[in-house]
Structure formats: structure tokens, C-alpha cells
Amino acid sequence: MEHPIITGQGLQKIHCVRLHRGDDLLESIRSICRQKQISAGVILSGVGCISQGRIRDASGVTIRTIHEHCEIVSLNGTVSAVRCHLHIALSKEDLSTIGGHLCSGCIVNTTCELVIAELPEIGIGVEQDPETGYDELIFTTL
């Protein structure tokens, strides 16, 4: 299978923001993307802690809620005003790690420092993929 490759000119804008206690991590990222009209971007860094986590496992069905304070040890993925696809890894109080697809309901405890890079000349859209059965992300040129 041939994979189309979309190429941009480099990083145009970097958005840095600190989220606060009680903010929903995913909903805050979506709001930033809409407010800044980000057509395509990536999370460069996401550091902080949460009081509650909600993540989906690889089955695409099961969502788990973590009811304890956790450190965000990794947050990455693609973002846009249209769609965000993010994965998160959390370090629990016993220092075990859990991770998966970020869902709404992941609540910031004290802080989360986000750095989002915009990708110029690139857009993110959604297209039904008959092979997976899901609405999948597609990259386009603007």
C-alpha cells in the first residue's frame, strides 16, 4: 500500500499555555485549537499532573477511569480545530505506568504545561476508512 506523504515548510507558530487545577485536559486542548484556528499541529510537550484520568485501551471500546493523582510522563499526538488524536502515559502513586488514548474527563490537578506546534500548509481532516471501520485522520495540503 502506498502512503501519501504531506510536506510542510517547517514550524510556523508555537503555542505555550499552562492549564490549571480542574481543567479537562482534552477539552482544553480542543478549545485552544479552535480558538487559535489550528489546522494541523502536534503536541511538543505536555507536563503536569492530574487528579483523575480517563483513557481508552487499544480495543477502541473500553474506557478506564483512574481515581488517583498521577504525573503526566508522556502526552503526544496530532491536534487541530477539527480533530485531536492524543495518547497519554501516566505514572501512578506507586510509580507504575498506565497509558492509552486520552479521553475527556482527564482532570488537571495542580498544573499542565502544554507546548503545541502548528504545522504550516498542512490540514487535518477526517475520512471514513472502510478497512478499519473508523473515521480516521487524514493529512491534506492547504
Exercise. Got a number for residues in the range 17-52 being over 15 Å from VAL108 (Cβ atoms), open to solvent by 20 Å² or more (accessible area, probe 1.4 Å) and of a type in the set (A, V, I, L, M, F, W, C)?
Worked result: 2
Problem set entry | Unmet criterion (only one of (1) more than 30 Å from LYS13 (Cα to Cα); (2) free of Cβ contacts under 8 Å to residues at least 60 places away in the same chain) for GLY60 | (2)
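The values are calculated or read from the model by the stated rules, or taken from the named source; none is laboratory data. As the structure is a computational prediction, the values presented were derived from the model and not from experiment. Because the Cβ atoms are built from the backbone with ideal geometry, glycine has one as well, and the counts that use them run over all protein chains shown. Surface accessibility is based on the protein's heavy atoms, side chains included, excluding ligands, DNA and RNA. Shrake-Rupley method; radii C 1.70, N 1.55, O 1.52, S 1.80 Å.
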